[in-house]
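First up is the structure itself, then whatever we jot down about it.
All of the numbers you see were taken from the coordinates with simple rules; none came from a lab. All figures in this text were calculated on a predicted structure; none of them were measured in a lab. Glycine gets a Cβ as well: all are built from the backbone with ideal geometry, and neighbour counts include every protein chain shown.
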Amino acid sequence: MIANVGYGALVITLLTALYGIGAALYGALRGRPRWVDSARNAMLLTFPLLTISALSITALLVANAFEVSYVQAVTSRSMPTYLRITALWGGQPGSLVFWSWLMALFATAVTLRDWRRDREFLPWVIVVSLVTLAFFLILSIGFENPFQRYWATPSGAVITAMFQPQGTTLFVPPDGRGLNPLLRHPGMIIHPPMLYLGFVSLVIPYAFAMAALVTGRTDDRWLRLTRRWTLWAWVFLSLGLILGGRWAYDVLGWGGYWGWDPVEVAALLPWLTATPFLHSAMIQEKRGIFKHWNMLLVILTFEVMIWATFLTRSGVLSSVHAFAQSAIGPLFFAFIIITTVLSLGLLIKRWPELKSEGELRSLLSRESLFLINNLLFIAILIVCIWGVFFPIFTEAAGVIGQIFPGVAHIFTGQKVTVGPIFYESATGPLWAALLFLMGIAPLSAWGSSTARTLGRAVWKPALVATLALGAVFVVAGVRNGVALLALWLCMFVTAVTLYEFYRAAMARSRAHGMNMLVALWQLAGRNRRRYGGYIIHLGVVLMAVGIIGIELFQTETQASLALGESVTLGRYTARYDSLAEFDTNDNRNVARAVITLFKDGVPVGELYPRRDYFYESEQPMTIPGVRSSIEDDFYILLINWQPISTQTATFKLYHNPLVNWLWFGAAIFLLGTFVAAWPEKEPDAVIETRARRAAVQA
Amino acid sequence: MKGRGWVLLAVIGLALALTGAAGAQTTEPPSGQPPTEDEVNAIAKNMYCPVCENVPLDVCPTLACQQWRDQIREKLIEGWTEEQIHDYFVLQYGDRVLAAPPRSGLNWLIYIGPWVLIAAGAIMLARLLWRLRAPAAGPEPPPQPPANGPDDYRARLEAELKRRDLKD
């Protein structure tokens, strides 16, 4: 019953969306505002309808309705209620409905805004949003239906179908398979919704961009209207990525936070296009240039986001065969091709109208530096896309070898692994160059900037950074050349950013005779984007310090210890005290060791690394014991033990210097994005008031 | 695996073909020294088993991966080098056991491809920016003159804040 309601709601949403698309198109092309209003109402209706659908899945999940195949696949009787609810996004079918629901939420929020000044955009924003929504609904209804049920045929076979096939009876399995144990972690519970929120909110700037292209209103109005949407999308994307990193660190048990796993990289792709877009959008607003480039970036961001949605859930990255077997892959592919062709077609049509109002005037101006920033981000994007798709490519290229045996030794069809080594060596210099730009760009001026003026601004922070680096060299004894360069860059950016805050606050406090702190507060309040941006930069620097620490200075060792024995790693000594193995009532077998940790010979606490074995999914999970401080993390894993005697056990130990700077930096980073993205007073109202005032004075 | 790796692979392949033995022949005498677990992990770190997607061999908790590590240990006891061990696993399970594609055949594309594209982008950008070295002769004055002193800076800051209030 509930399944039928949920499915019905999905179908009605699709019909509503299709009607909305038709009505908006008709209204826009024939100039009938009432049809556009009707389309707007259709769009508003999608959200409550999809809420019914999403709630239906949730109800089925909570009620252990194992006759529904999705419920059976992602939950089990032993799972607590909150995990059942979050199982909504624990698998592909549920994720797709969840995605659509969020999309409808955002579309509704956009629809409810005041459209009086931008009436001509409305139908096209509706069309783009609803076409995207309809695409996902078609996937849900036709291919990844979360409401399909099990039916038993008279011969005893069990089939899945939405509605009862003739001669069958409903089949209710006694228990479900349970959610993948790796996903039962707070970080993993919030991480997918955050990423999805980021993904769906990226549809909005794209929709406005397309509306601008269709209507020919190609000034920067679309950019101004969507700026905050893009920023919020970026906040959610960043938060999603950071939570994913934290989850990996806590749960995956390999001592790191980012493994350049293809799915991780896929989730990073939209961030890699949204970040340069945020930067280059500023140039268009300030200087009226790079209009083509911004359109290209917003189209690229949308397409990459659709890809990422597909890649992160489909399993295609494990094997090219998964792509061929599921109908979803080709459909995504077709959707991306069609939307790309249409968007680029529109862009080409409007190309002459998007002419720059100004020009690049100087090599060292801020816009030139932003352009280099864009190039670097796109370069990282290229490396990542290349790395993600290369294994699929080599596997698929085997076909060529089969057809032409002469080149079979080149096109072997062998799958390869593209691991962290490739990504780190290829993107490392690019990240470093970005850090450097982050340092000098705030000091360069818009419009024109010469080497002399830039040099005059740069030398002070550069000197401070060099002195600080000297201290690191002498006091901390760092001798690694790469680390020294990277740390210098971090200090340089910090010095520049703090100096920017200082000199602006100083100037204002002198001019207006106010307290420095008040000046700083007012400054950040009045130019939130700039000073929020600087806070983000500071967060990035702190994160970079954490990354330098763990990437360049991580040490590890592994040892098999008898009870009471110790192993030493750097200044830490870990003593193996005991190990207990027991079953829990949620179907786990837990082996938990007790470790006493000493730092410089002084006991600093106990750690409990453990191995959970999930009976349902037959999957082990390694939970580290971690001692965190601002200086470093001591991270210990239980690798193996003698099941009967529990007398000896093998441990893997990691020393992760400075890794907590990464999480601390992430918090600052998020604070900055909130400052930058926080709503300000309605800009149009300000313009109108000023214009009126000016008219009165005149 | 560099160019040398290919030669080694060929030699091992030839040796296998000649002897017809399933087990690889070692050229070095067994050292007899039991390797430390760190030595085993150092080799396993750059390997992936075909089953556990994207989990490096040195930290993979499955039984199969433990057996692979045991195999590495045995080979080390027999005196094999890291390269020989990698090649041994590649022969059995294919290139995918290595953390990065071997630099050979089609795989060169992954190392060259991105850089060709990036270089193309960089050249385009460089050409665009290079033109700027010649002083722009346009009538448009620089919209924001660089700050020459504290007064200029203050004026510009105030102007920017005002402009934001207006436009934004």
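On the principal axes of its alpha carbon atoms, region A:400-501 extends 64, 43, 21 Å, with the longest extent given first. Among A:TYR635, A:THR622, A:THR573, whose Cα sits farthest toward the positive end of the charge dipole of region A:553-661 (+1 at Cβ of Lys/Arg, -1 at Cβ of Asp/Glu, about the Cα centre)? About the Cα centre, the residue reaching furthest to the positive side is A:THR573. Every helix of 4 or more DSSP H residues in chain A counts as -39500 (n - 2.57), and over all residues that averages to -21000 deg cm²/dmol at 222 nm. Think of the protein assembly as shown as having a plus end and a minus end, set by charges on the Cβ of Lys, Arg, Asp and Glu; of A:ASN515, A:PHE370, A:ALA465, A:ASN515 sits farthest toward the positive end of this dipole. In this Cβ point-charge picture (+1 for Lys and Arg, -1 for Asp and Glu), region A:466-588 has a dipole of about 1240 debye about its Cα centre. Charge dipole (Cα centre; +1 on Lys/Arg Cβ, -1 on Asp/Glu Cβ; no other charges) of the protein assembly as shown amounts to roughly 3900 debye.
Pairs of alpha carbons in region A:468-622 separated by more than 18 Å make up 74% of all such pairs.
Note: region A:450-526, Cα convex hull, 128 Å³ per residue.
Volume per residue of the convex hull around the Cα atoms, evaluated for region A:1-108, comes out as 83 Å³. If the limit is 27 Å between Cα atoms, which of A:LYS652/B:LYS75; A:LYS291/A:LYS460; A:LYS355/A:LYS460 go over it? Long pairs (Cα-Cα over 27 Å): A:LYS291/A:LYS460; A:LYS355/A:LYS460. Our compactness index for region A:544-586, the C-alpha radius of gyration over the empirical 2.2 N^0.38 Å, is 1.73. Fraction of C-alpha pairs exceeding 18 angstrom in region A:1-58: 40 percent, rounded to a whole number.
In order along region A:542-553, the Karplus-derived 3J(HN,Hα) couplings, from 6.51 cos²θ - 1.76 cosθ + 1.60 at θ = phi - 60°, round to 4, 4, 4, 4, x, 5, 4, x, 7, 6, 9, 10 Hz, and Gly and Pro are given as x. Per-residue Karplus couplings for region B:63-75, computed as 6.51 cos²θ - 1.76 cosθ + 1.60 with θ equal to phi - 60°, are listed in order as 5, 4, 5, 5, 5, 4, 4, 4, 4, 4, 4, 4, 5 Hz, Gly and Pro entered as x. Sorting A:81-89, A:543-551, A:469-477, A:456-464 by their mean Cβ neighbour count within 10 Å, with the most densely packed peptide first, gives A:543-551, A:81-89, A:456-464, A:469-477.
Based on the Cβ-Cβ distance from A:THR81 to A:TRP115, what FRET efficiency comes out when R0 is 51 Å, to the nearest 0.05?
Approximately 0.80, to the nearest 0.05.
Using only the C-alpha atoms, the convex hull of region A:93-195 corresponds to 141 Å³ per residue. Expressed in units of 2.2 N^0.38 Å, where N is the residue count, the Cα radius of gyration of the protein assembly as shown is 1.03. The phi torsions of region A:521-530, fed into the Karplus equation with coefficients 6.51, -1.76 and 1.60 and a -60° offset, translate into couplings of 4, 5, 4, 5, x, 8, 10, 4, 5, 5 Hz, rounded to whole numbers, with Gly and Pro shown as x.
A cut-off under 10 angstrom between Cβ atoms defines the neighbours of A:MET516, and their net charge, with Lys, Arg +1 and Asp, Glu -1, is +2.
Less than 5 angstrom separates the built amide H of A:GLY413 from those of A:GLY398, all sequence-distant by 5 or more or on a different chain. Computed across region A:553-661, the Kirkwood hydrodynamic radius from all distinct Cα-Cα pairs reaches 14.3 Å. Under a 5 Å amide H cut-off, with hydrogens placed 1.01 Å from N, B:LEU98 pairs with A:THR417, B:TYR48 among residues at least 5 apart or on other chains. Taking amide H positions as modeled 1.01 Å from N, with prolines and chain starts lacking one, the residues under 5 Å from A:THR648 and 5 or more places away or on another chain are A:GLN642.
At q = 0.08, 0.13, 0.14 Å⁻¹, what base-10 log of I(q)/I(0) does the Debye formula yield for region A:232-391 when every alpha carbon is treated as an equal point scatterer in vacuo? Once normalised to I(0) and log-transformed, intensities are -0.29, -0.73, -0.83.
Seen from A:MET210, the other residues with C-beta closer than 13 Å to its C-beta sum to a net charge of +1, counting Lys and Arg as +1 and Asp and Glu as -1. Each pair of Cα atoms in region A:190-276 enters the Kirkwood radius, and Stokes-Einstein at 37 °C and 0.692 mPa s then converts it into a translational diffusion coefficient of 234 µm²/s.
Summing +1 for each Lys or Arg and -1 for each Asp or Glu among the other residues whose beta-carbon sits under 13 angstrom from that of A:HIS537 gives +1.
Positive end of the dipole of the protein assembly as shown (Cβ unit charges, origin at the Cα centre): among A:VAL298, A:ILE190, A:VAL62, the Cα lying farthest that way belongs to A:VAL298.
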